[in-house]
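Worksheet: one structure, shown below.
The values are calculated or read from the model by the stated rules, or taken from the named source; none is laboratory data. In this text the structure is predicted, and so the values were computed from the model without any measurement. Positions of Cβ are backbone-derived with ideal geometry, glycine not excepted, and every protein chain shown enters the neighbour counts.
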Amino acid sequence: MRAGGPHELLGGVFDRDLCIGCGACVSLCPYFKSYKGKTSMLFPCTRSEGRCFAYCPKIEVDLDDISRAMFGEPYAADSLGRYRSVHIARAGKNVGSGTFQAGGTVSGLVMHALKTGSIDAAVLTGRNGLNPVPAVVTDINEVAKHATSTYTAAPTIAMFNRASQEGYERIGIVVTPCQALALAQIRRNPTNEKNYKDRSALVVGLFCTWSLDYRKFRTLIAEHVGVAAVRKFDLPPPPAEIMEVHTDNGIIEIPLPQVRERVPHSCDYCFDMTAEFADVSVGVLEGRTDMNTLIIRTERGEKAVEEAVRDGYITLGELPAENLDHLRAAAGNKKMRAFKKANDEGLINTPPDKNALFRIPKETIKRI
């Protein structure tokens with residue numbers, strides 16, 4: 001993996017319009033800031049190497065190195081990444097009442113982890129109007145307030161960086177796939193900091209096909225309804241081809257092609273639909289908006305799920321084979337499109353003197 005600093009980050013990511021606003025470079029120094037979906041460098045910095053570059057999920061991402069660090073094996077060509085088991089799931093009886101997105105599995109896992117002390121804080125992302133707002137949550141009763149989909153890029157990793165600096169030792173975090181990749185970069189300690197400690201204790205990934213540019217999305221919503229009236233968003237399964245905007249006065253439907261026009265350029269290069277570098281990954285179950293698909297990937301993810309089931313915070317069931325086949329197909333298509341686009345544009349496995357978007361063995365690309 002090539003080292004670099006803010007100069008290389010600007011040229012290799014910002015100038016290519018690849019920044020997704022995950023916040024990995026924020027809350028590390030005074031130079032980078034996030035504001036309304038955009039990350040900017042406020043002042044020039046001349047460091048030749050920096051965490052801003054090393055943590056970014058959009059430059060010099062060596063997928064084999066990351067996979068070995070997390071799973072002990074090279075990157076898998078499997079459309080779902082490496083995993084232990086797949087289930088259907090929903091919140092259990094001890095989660096209580098609340099307005100959850102889909103089955104409430106994420107809230108159940110986070111609430112149980114806080115209650116049992118396996119995490120001492122959770123980094124969650126809620127909304128202020130349409131603006132996604134990450135927060136550090138330590139009170140189990142505050143979790144449900146963040147149980148909503150924002151659909152816009154959010155600087156969630158910046159809040160993880162801040163929570164780490166504030167002294168939290170065991171942090172749970174709910175992330176999208178690109179944020180999970182950034183966190184996987186951070187956990188490798190790529191800058192070889194002395195006395196480094198991995199403060200992530202539970203990484204819950206969300207399925208994601210694409211995110212939205214906050215500013216463009218806000219303009220679109222404002223054309224249909226007052227922004228302050230929005231309560232929830234939802235994407236019904238195909239063939240609906242709409243986004244539902246739940247408001248104080250009912251549901252407004254926006255044609256999905258209009259929504260997709262607000263997808264950032266960076267999403268075109270994202271190969272990961274199911275948050276492959278999380279401990280557990282959660283998405284809406286196809287055909288059942290009150291249930292989730294749950295993928296268990298790591299030992300600590302498996303432990304978190306088993307204990308949450310034992311204590312009545314989530315329930316599990318068997319995922320129908322047809323659902324798994326459809327999930328594999330969707331995730332595989334996204335992966336093939338992203339790697340093909342990046343490869344066609346010369347962003348994979350560049351010469352050693354040039355920064356790549358990804359580094360991955362050619363044999364693995366062929367298998368994908």
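Miscellaneous remarks
- Residue identified as in a strand (DSSP E or B) and surrounded by fewer than 23 Cβ atoms within 10 Å (Cβ to Cβ) among R82, R90, R68, R16: R90
- Residue in region 23-39 that is out of contact with any Pro (no Cβ under 7 Å at 6 or more places or on another chain), in a helix (DSSP H, G or I), modelled with pLDDT of 95 or more and crowded, with 22+ Cβ neighbours inside 10 Å present: no
- Exactly one residue among E49, E73 is assigned by TED's automatic domain parsing to the domain that holds N192, closer than 30 Å to L319 by Cα, among the charged types (D, E, K, R) and in a loop (DSSP other than H, G, I, E, B), and that residue is E73.
- Pairs are defined by a Cβ separation below 9 Å, a sequence spacing of at least 6 or placement on different chains, a first member in region 198-214 that is within 14 Å of C270 (Cα to Cα), and a second member that is acidic (D, E) and assigned to a loop (DSSP other than H, G, I, E, B); the pairs so defined are C208/D272.
- Residues of region 108-129 satisfying the condition of being within 26 Å of R218 (Cβ to Cβ) and surrounded by fewer than 24 Cβ atoms within 10 Å (Cβ to Cβ): T125, G126, R127, N128, G129
- Summed over region 351-368, the residues that are surrounded by fewer than 16 Cβ atoms within 10 Å (Cβ to Cβ) and either under 17 Å from V284 (Cα atoms) or free of Cβ contacts under 8 Å to residues at least 40 places away in the same chain (or both) give a count of 6.
- Options D248, D268; residue that is farther than 24 Å from V106 by Cα, more than 20 Å from the chain's Cα centre (by Cα) and either of a type in the set (A, V, I, L, M, F, W, C) or surrounded by fewer than 17 Cβ atoms within 10 Å (Cβ to Cβ) (or both): D248
- Every pair of residues 6+ apart whose Cβ atoms lie under 9 Å, when the first sits in region 28-42 and is in the same structural domain as R16 (by TED's automatic domain parsing) while the second is of a type in the set (K, R) and assigned to a strand (DSSP E or B): T39/K33; S40/K33; M41/K33; L42/K33
- Failed criterion for G317 (all others in (1) modelled with pLDDT of 95 or more; (2) surrounded by 15 or more Cβ atoms within 10 Å (Cβ to Cβ); (3) touching a His at 6+ places or on another chain (Cβ under 8 Å) hold): (2)
- Applying the condition of being of a type in the set (G, A, S) and assigned to a loop (DSSP other than H, G, I, E, B) to region 144-175 and asking which residue is surrounded by the most Cβ atoms within 10 Å (Cβ to Cβ) yields A153.
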